[in-house]
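Single-structure report; data block below.
Values quoted throughout were computed directly from the atomic coordinates according to the rules given, and no laboratory measurement underlies them. Owing to the predicted nature of the structure, the values given are computational and were not obtained by experimental measurement. Note: ideal-geometry Cβ built from the backbone for every residue, glycine included; neighbour counts use all protein chains shown.
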Amino acid sequence: MDNFYDDLFTILKINTIYSTDEAPFGSGNKKCLNAMLEIGKKYGFKTFNLDNYCGYIEYGDGKEILGVLCHLDVVDVNTNKWLTNPFIPIIKDNKLYARGAMDDKGPLMASFYAIKELKDEGFKPNKRIRLIMGCNEESGSLCMKHYKEVEEIPNMSFSPDAEYPVIFGEKGILVVKISGKIDSIIKELHAGVKHNIVPDKIEGILKDGTKLSKLGKSAHAMNPELGINAISLLIDELKNKYDDSFINFLDKYFTNDLNASKINANSTDELMGNLTSNLAILDVKDNYFSITIDYRMPKETDYDNILNNLKNISKPYNFNVEVLDYMKLHIVNPNSFLVQTLLNSYKKYTNDTNALPISIGGGTYAKSFLNSVAFGIKMPNDEETCHIDNEYINISTLELSIKIIKDAIKELTK
């Protein structure tokens, strides 16, 4: 642990928001990946850079591979809402504040130090332990697609990019864009940056010159109820002032609707809970608009029903409906060796003896591989800080996770 925070601060200080300034995902992601690989070399590990898409740090020998899947890229920041510089990490009141502290640089470094401690203790695993680090998790996971094209697939893996006790299932994710020509009093309007974030700000102007602005609260799209959607706030105000077909369209089908009930597409599953929807992005300019909606779909969701309903409500307006992204639901048997081993490591260090495997609405790297699940790093009673302003991780969670992940890796490879 001597250099843990020095090494963690090194990567937290690098801005790894997706950028087009350098292929494939920006100069910041390239710099951070290489910085992490240099940290691995410093402690005597084998390291590999896979064309700056991703890389890995490896320990041990054997035909099989245990993958530990983490990401270096982070979501955007609204600096006006941060109380500190998001890329100058600071510890205050036993919390580490920085963009990426929880999602996912903190968990990555905890995983690395778990492997490092095993190496320092002379542990000889029966598999290669491979810490795989991607640079595009927040914008499509093209990094993992590239990994699978050029490298060996892990026989089993886990991603510390969610929560404890252990995640056996992840909802399917459907991202849809609706666009078209409109006749509206709105001249220009902009809200949202990513499909997986609840938009916390909207700004624009009406054709009569009236300026528009609302502030909400960001949250991860898997838990839209934790945010306040700025688009919904503004449409609620405008619908009471103006009789406008476009405003009415948004109000009738999309705003203030966390479960797609307004388009009759809500569904639920006993294990995975409710479908969620996030009206994530809205752009209006020169009588053209586009909206992007993020749906998180449990097991019983009818994918075609969502699309057909969207097409039906859009048809009278001649709007176009386009699928931007789709990731299938991911489930691993909760009684499998992988899931139960991870669960037991969590129980061992938390005394949460009644814990059971759970499912989530988020999408992690676990979806990229068979026999792969999410494991940590958020504790059940921790605040969800992924994708929000003033992101932080509890120091106690971070340090306990090193022990939990270390034990899990040891049990999976002994």
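Going highest first, how would you order 367-376, 50-59, 350-359, 303-312 by mean Cβ packing within 10 Å?
Numbers: 367-376: 23.7, 50-59: 22.1, 350-359: 13.7, 303-312: 16.0.
Ranked from most to least packed, the peptides come out as 367-376, 50-59, 303-312, 350-359.
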What FRET efficiency comes out for the pair ILE90/SER179, r = Cβ-Cβ distance, R0 = 51 Å, nearest 0.05? 0.75
In Å, what is the Rg of the alpha-carbon atoms in the stretch 172-327, and how long is Dmax? 14.9, 51
Can you work out D for the stretch 156-221 in µm² s⁻¹ from Stokes-Einstein, where Rh is the Kirkwood radius over C-alpha pairs, the temperature is 20 °C and the viscosity is 1.002 mPa s? 138 µm²/s
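Can you put ILE313, ILE231 in order of Cβ neighbours within 10 angstrom, beginning with the fewest? Don't jump to the answer; show the numbers that get you there.
Details: ILE313 19, ILE231 25.
Ordered from fewest to most neighbouring Cβ atoms within 10 Å, ILE313, ILE231 come out as ILE313, ILE231.
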Label GLU203 and ALA355 with points 7 Å out from Cα along Cα→Cβ: what is the distance between them in nm? 4.3 nm
As a footprinting exposure proxy, order HIS146, HIS71, HIS190 by other Cβ within 10 Å, with the fewest listed first. HIS190, HIS146, HIS71
Percent of alpha-carbon pairs separated by more than 20 Å within the stretch 261-414: 62 percent
Measure out, as a whole number of angstrom, how far apart the alpha-carbon centroids of the stretch 371-414 and the stretch 236-286 sit. 33 Å
What angle do you read, to the nearest 10 degrees and between 0 and 90, between the alpha-carbon axis of helix 27-42 and the longest principal axis of the chain? 10 degrees
With a 10 Å Cβ neighbour count serving as the proxy for reagent exposure, in which order, fewest first, do THR301, THR268 appear? THR268, THR301
Could you tally up the Lys pairs in the stretch 255-414 with alpha carbons closer than 22 Å? Skip any pair fewer than 8 positions apart unless they're on separate chains. 24
For the stretch 255-317, just list the percent of Cα-Cα distances falling in each 10 Å bin from zero outward, please. 20, 49, 24, 6, 1
Convex hull projection area averaged over all views, the chain, Cα basis, nm²: 20.1 nm²
